[in-house]
Every structure is written in C-alpha cells, then in structure tokens.
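Notes to accompany the following structure.
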Ligand SMILES: [Zn+2]
C-alpha cells in the first residue's frame, strides 16, 4: 500500500499506470525509478514539483 509522503495518509487513488493521487492533500504522486515524484496540481491545471520539500528517504516508496 502506497503511503502519501506528505500526510502519511493511505487514501491514495490510482490515476495512471505509475501515477497516484492523494485525496487527503490533493497532490499527485508519480512513481519513477522506485522514487516518488510529488506534484501539486495548480488551479489552472499545471503541475508544480514539490520534490524539494521532501528528503530522499521520504520519497522512497514504501509499499
Ligand atoms: Zn497526502
């Protein structure tokens, strides 16, 4: 089970082959090379990266 690195929630929806969405904090999680890439969806639909806010450890996938 994927855990959101931002809120530690498990309310994660699958939106694509390697893409997930946290319904709790409304961020998009992409799996890339066993790491999570975290994006916030802006009101205009564009994505801004939140990767800088997390450490390598926090971005490690914990299934
Ligand atoms: Zn979350």
Over segment 1-13, the set of residues more than 16 Å from residue 58 (Cα to Cα) and over 11 Å from the mean Cα position of the chain (by Cα) is 11
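Taking residue 32 as the residue in question, decide whether it is more than 9 Å from the ligand (Cβ to nearest atom) and within 15 Å of residue 62 (Cβ to Cβ).
Working: more than 9 Å from the ligand (Cβ to nearest atom): yes; within 15 Å of residue 62 (Cβ to Cβ): no.
Against the criterion (more than 9 Å from the ligand (Cβ to nearest atom) and within 15 Å of residue 62 (Cβ to Cβ)), residue 32 does not qualify.
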Picked from segment 10-34 (must be surrounded by fewer than 14 Cβ atoms within 10 Å (Cβ to Cβ) and in a strand (DSSP E or B)), the residue modelled with the lowest pLDDT is 32
Every listed condition ((1) surrounded by 15 or more Cβ atoms within 10 Å (Cβ to Cβ); (2) within 11 Å of the ligand (Cβ to nearest atom); (3) free of Cβ contacts under 8 Å to residues at least 40 places away in the same chain) holds for residue 2 save (3)
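So which of 26, 20 is within 13 Å of the ligand (Cβ to nearest atom), on the phi > 0 side of the Ramachandran plot and under 10 Å from the mean Cα position of the chain (by Cα)? Spell out the reasoning first.
Details: 20 fails: on the phi > 0 side of the Ramachandran plot.
After applying the criteria, what remains is 26.
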Only unsatisfied item for residue 12, checking (1) more than 9 Å from the ligand (Cβ to nearest atom); (2) in contact with a strand residue (DSSP E or B) (Cβ under 6 Å, 6 or more places away or on another chain); (3) without any contact (Cβ under 8 Å) to a residue 24 or more places away in the chain, is (1)
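Just checking, which of 40, 62 is in a strand (DSSP E or B) and either loosely packed, with under 11 Cβ neighbours inside 10 Å or more than 9 Å from the ligand (Cβ to nearest atom) (or both)?
Details: 62 fails: in a strand (DSSP E or B).
Selected residue: 40, the only one of 40, 62 that is in a strand (DSSP E or B) and either loosely packed, with under 11 Cβ neighbours inside 10 Å or more than 9 Å from the ligand (Cβ to nearest atom) (or both).
The values are calculated or read from the model by the stated rules, or taken from the named source; none is laboratory data. Everything quoted here is computed from the prediction, not taken from an experiment. Reconstructed Cβ throughout: ideal geometry from the backbone, glycine too, with neighbour counts over all protein chains shown.
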